[in-house]
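To start, the structure itself, in structure tokens.
No value in this document is a laboratory result; all are computed from the given coordinates. Remember, it's a predicted structure, so these values are computed and weren't measured experimentally. With ideal geometry, Cβ positions are generated from the backbone for all residues, glycine too; neighbour counts draw on all protein chains shown.
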Amino acid sequence: MFFKQYSIFIFKKEFQIRAIFGLSLMSLKTFSIFFSSFAKYHQVKFSPFFNLP
């Protein structure tokens, strides 16, 4: 009984994670476009931040 509830809980969590991942994947392009335009607008240099290993 406990294992059944636990597996249902895991399934729900996996579904949530997949839905969030899909949404973030769809909005990644628009976010990158917005971020690049934002950086150009404010003339911000993020090169040291993005060149971190």
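Annotation: lysines with alpha-carbon distance below 19 angstrom to K40 (same-chain offsets under eight excluded): K29.
Near I10: Cβ cut-off under 15 Å, other residues only, Lys/Arg at +1 and Asp/Glu at -1. The net charge is +3.
Spin-label pair S24-S37: with each label point 7 Å from Cα along the Cα-Cβ axis, the two points sit 2.3 nm from one another. Taking label positions 7 Å along the Cα-Cβ direction at both F15 and F3, the computed distance is 2.2 nm, reported to one decimal.
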